[in-house]
Amino acid sequence: MDSIISGKIVLPDRIIEGSIEIEDGKIKRIESTGSAGSTIIAPGLIDIHIHGCNGKSVMKGEIDEISEFLAIHGVTSFLPTTITASEESLRSVVKRASALMGKENGSNILGVNLEGPWISRDKPGAQPLEHIRKGSIEEFERINNGCVRIITIAPEENMSIIKELSERCIVSLGHSNADYETAKRAIELGAKLSTHTFDTMRPLHHREPGLVGAVLEDDRVFCEFIPDFVHLHPAIIKLIWKAKGKDKAIAITDGTEASGLEDGVYDLSLGKITVSKGRAVREDGTIAGSAITLDSCIKNLYSIGFSLCDIFRAASFNPSELLGLKNKGRIAEGADADLVLLDKDLNIEKVFIRGVEL
């Protein structure tokens, strides 16, 4: 149904008071009126790195249920993200995601993010060691099914395939013990993203900057960051933003089945997980992804001084730019009408996906 909504419209570089006309699932017209009430109208959130939520797991193929839960939380597009697993398991997940792309209800599935299995055993995080292996183009082609958009690799283990791999998808550097020079070579060969920057990487050191230093200082690289205040201190979030400018920092959740659950102990895909105050940890104390949703992440960014324009650059516009999507992550004439309406405290009031209100 066609409609007109009014409020404070968040654009990448400014906020205008006006109205948006929606027609056939697209933004037909944006008008500045000078007075439009207190409702904030922002582009739908895009989470490019999420393993699950609300007790549901990408690895269990519960992508449809994840899509519906995310939509309620303002995430209008996402990349279901795998963990390191057998080739058979990864092929199954990718096939499931491919079958659901373009579905009518829920958050848009934009493809798949493979976090591993071609990572470093020195920096596995919560990833299962038994499935970590060296990568090959042949295995990628068997898994791909035409919808893998991002893959995380450790460059020190897989340098020989980065150039060819980057012609097929976005190569992200992470779960790696690479030094600065190795990381720079990987970037020269085509790597253009950093997986949950700072986490599961060689620490930044003033005499050996490592992977962190390489991705922060290279303008070609987008950097994911998790603004849950568990994985990163607020000062580090601000540091990433300053280093990458407004264009190359991307807010993610790295959400797991624990995201959106109440505090407690759960048997989940990564084992027995304790959720407490937004923190999800395994029995050995390892952080197991996050327990936050992206709508809570944007509130965290607001609490540390991010402007509305910058918040939605990090959580909507920049992810769409990384993926090369001109019809998502922005409020512009001709773009998909994927929109969130929020109050002054950034609580979600309404969500539109392809122009349809949930």
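Just a few scattered comments:
- Elements of the type strands (runs of 3 or more DSSP E) sitting completely within the range 249-308 and holding at least 1 residues that are more than 17 Å from ASP199 (Cβ to Cβ) and acidic (Asp, Glu): these cover 264-268.
- The lone criterion from (1) surrounded by 14 or more Cβ atoms within 10 Å (Cβ to Cβ); (2) of a type in the set (D, E, K, R); (3) under 16 Å from ARG330 (Cβ atoms) left unmet by ARG14 is number (1).
- Single match in SER269, SER303, SER316 (criterion: touching a residue at least 60 places away in the same chain (Cβ under 8 Å), hydroxyl-bearing (Ser, Thr, Tyr) and in the same structural domain as THR200 (by TED's automatic domain parsing)): SER316
- Among the residues of the range 205-219, those that are among the acidic types (Asp, Glu) and more than 13 Å from ALA178 (Cα to Cα) comprise GLU217, ASP218, ASP219.
- Matching residues in the range 1-18 - criterion: being over 27 Å from the mean Cα position of the chain (by Cα) and part of a loop (DSSP other than H, G, I, E, B): MET1, ASP2
- Qualifying residues in the range 299-318 (those that are of a type in the set (A, V, I, L, M) and crowded, with 17+ Cβ neighbours inside 10 Å) - the one farthest from GLY18 (Cα to Cα): LEU301
- Being closer than 20 Å to ASN108 by Cβ and outside the structural domain of CYS169 (by TED's automatic domain parsing) holds for only one residue in ILE50, ILE4, ILE22, ILE30, and it is ILE22.
- Boolean, GLY61 is free of Cβ contacts under 8 Å to residues at least 40 places away in the same chain and out of contact with any strand residue (DSSP E or B) (no Cβ under 9 Å at 6 or more places or on another chain): yes
- From the options LEU193, LEU204, LEU189, residue that is within 21 Å of VAL94 (Cβ to Cβ) and either in contact with a helix residue (DSSP H, G or I) (Cβ under 6 Å, 6 or more places away or on another chain) or touching a residue at least 40 places away in the same chain (Cβ under 8 Å) (or both): LEU193
- Residues in the range 30-45 include none that are surrounded by fewer than 17 Cβ atoms within 10 Å (Cβ to Cβ) and under 17 Å from VAL356 (Cα atoms).
- Annotation: of all residues in the range 17-59 being of a type in the set (D, E, K, R) and in contact with a helix residue (DSSP H, G or I) (Cβ under 9 Å, 6 or more places away or on another chain), the one that is modelled with the highest pLDDT is ASP47.
- Residues in the range 228-248 that are closer than 17 Å to LEU193 by Cα and assigned to a loop (DSSP other than H, G, I, E, B) were compared, and the one that is modelled with the lowest pLDDT is GLY245.
- Residue that is over 20 Å from ILE50 (Cβ atoms), out of contact with any strand residue (DSSP E or B) (no Cβ under 7 Å at 6 or more places or on another chain), touching a residue at least 60 places away in the same chain (Cβ under 8 Å) and not polar (S, T, N, Q), where the choices are ASP345, ASP310: ASP310
- THR253 being closer than 17 Å to PRO124 by Cα, buried (at least 24 other Cβ atoms within 10 Å of the Cβ) and either out of contact with any Cys (no Cβ under 6 Å at 6 or more places or on another chain) or among the β-branched types (Val, Ile, Thr) (or both): no
- Among residues of the range 207-238, those that are free of Cβ contacts under 8 Å to residues at least 24 places away in the same chain and either in contact with a Gly (Cβ under 7 Å, 6 or more places away or on another chain) or buried (at least 17 other Cβ atoms within 10 Å of the Cβ) (or both), counted: 1
- Only listed residue being surrounded by fewer than 22 Cβ atoms within 10 Å (Cβ to Cβ) and in a strand (DSSP E or B), chosen from GLU333, GLU349, GLU321: GLU349
The values are calculated or read from the model by the stated rules, or taken from the named source; none is laboratory data. Source: prediction; values computed, not measured. As a convention, Cβ positions derive from the backbone with ideal geometry for all residues, glycine included, and neighbour counts pool all protein chains shown.
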